[in-house]
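Please read the structure below before turning to the comments.
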Amino acid sequence: MNALYDVAAPAKLNLFLHVVGRRADGYHLLQSLFVLVDWCDTLHFELRRDGQLTRHDLGPALPADDLCLRAARLLQSASGTALGADISIDKAVPWGAGMGGGSSDAASTLLALNRLWGLNWPRARLLALGLKLGADVPFFIGGHNAIVEGIGERLTPAPVPEQWLAVVKPPTGIETRAIFASPLLVREPQAVILESFAENAHQGVFDAGFGANDLQAAAEAECAQVVQAASILHRQFGNSRMTGSGSAVFARAGAGPEPSANMPAGVADWASGWVGRMCRSLSAHPLVGWAAD
C-alpha cells in the first residue's frame, strides 16, 4: 500500500456536557454525549520511505505543528517504524468551534498511518496513544457515538438515533482555558443522569433537551455571538445548545428523511465570517473498521 486518499475526519457535537468534578492536577472531569456528524475534513496520505513527515494544506493554512503532525510523530516514535508520510489536509470543519476538528484529524491520522505503515495496532493501543494528544481524540478512534467521561478516556457506546442537526459557527472562536477558568462555569457535584439516559436509549427514546451544556453560560459571557447564534437557531427550530466549549451552536432539526425546517437564511454565506450547515448524524465513524477491537 502506497497511499490512502479521501480519508474522512468527521466533526462531533456534544448533545449534553456536564462538569462533574476536578482532579488534583487541575483537569476537569466531564460527562458528555458525543455524536458524530457528516461535516468532515478530508485527508490524503502518501507513503514515504525516508522517514520524513510533511503536511500540505489544501484549504486554509493550519498551524505549523498541528495535531495531525503531532499524531504522526507520536505513532512513528511509539512504533519504531522507519516509514514516513506526506499528509494533505482539506480543512472544512471550523476551528475554535467545539466540534473537535483538530482532534478528529489526529485520530484519522493515527488510524490511517496504522494501516499505511502496516502496523496493525489494535484499537486499544491507538486509544492510549490518542489520549496523549488530547481529551477528544480517543472518542474519534473509538468509532461510535458515546458517553464520554473522565478527561475523555472513558467511552461507553450510546445508541443515538440518526437525526438532522443544524449547526451555526460565529466568526469568533473561544479559548477553552478561559471557559474553564470562568466563575460562571457550572460544576455539578456528581454525575446523576446516566441511568436515566441509558433507560431512554434502551427504549429508543432521545430528547434533544436532555441534560445541558455546563460551559454555555461562561461562553456566552465571553462571546455575545454565542447568544446570537443560539437565538437564531431557537427561532428557527425551537431549540438550541452550544457544543463543547463553543463557539458553535446547534439545534435538533428532525429525525425524518428531511430536516424539519431549512437553515436560517444567509447563515452559510454571510461575508462576516459566520458559517452554518445542516448536518446528518452518523451512526459510526467512517473509519470504524480500520482498527481491530
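The values are calculated or read from the model by the stated rules, or taken from the named source; none is laboratory data. Note that the structure is predicted; figures quoted are calculated from it, not measured. Ideal geometry is used to build each Cβ from the backbone, glycine not excepted, and the neighbour counts take in all protein chains shown.
For this structure, a couple of remarks:
- One residue stands out in the stretch 213-246 among those that are out of contact with any Ser or Thr (no Cβ under 6 Å at 6 or more places or on another chain) and in a loop (DSSP other than H, G, I, E, B): the one that is surrounded by the fewest Cβ atoms within 10 Å (Cβ to Cβ), namely G238.
- Residue in the stretch 145-158 that is at pLDDT 80 or above, within 16 Å of M99 (Cα to Cα), in the same structural domain as H18 (by TED's automatic domain parsing) and outside any strand (DSSP E or B) present: yes
- Filtering the stretch 100-107 for residues that are part of a helix (DSSP H, G or I) and surrounded by fewer than 21 Cβ atoms within 10 Å (Cβ to Cβ) leaves an empty set.
- Residue selection: A292 satisfies the criterion of being of a type outside the set (S, T, Y), closer than 30 Å to G118 by Cα and either within 22 Å of the chain's Cα centre (by Cα) or not in a strand (DSSP E or B) (or both).
- Any hit, the stretch 23-32, residues being among the hydroxyl-bearing types (S, T, Y) and either within 25 Å of V148 (Cβ to Cβ) or outside the structural domain of L126 (by TED's automatic domain parsing) (or both): yes
- When the stretch 46-58 is limited to residues that are surrounded by 13 or more Cβ atoms within 10 Å (Cβ to Cβ) and basic (K, R), the one that is nearest to A8 (Cα to Cα) turns out to be R55.
- In the stretch 1-33, residue surrounded by the fewest Cβ atoms within 10 Å (Cβ to Cβ) [restricted to those that are among the hydrophobic types (A, V, I, L, M, F, W, C) and modelled with pLDDT of 95 or more]: A3
- Verdict on S260 being modelled with pLDDT of 90 or more, assigned to a loop (DSSP other than H, G, I, E, B) and within 28 Å of V7 (Cβ to Cβ): no
- L43, sole failed condition from (1) surrounded by 21 or more Cβ atoms within 10 Å (Cβ to Cβ); (2) farther than 17 Å from M1 by Cα; (3) within 17 Å of the chain's Cα centre (by Cα); (4) of a type outside the set (G, A, S): (2)
- Note on the stretch 59-81: residues that are part of a loop (DSSP other than H, G, I, E, B), more than 21 Å from the chain's Cα centre (by Cα) and surrounded by 11 or more Cβ atoms within 10 Å (Cβ to Cβ) total 1.
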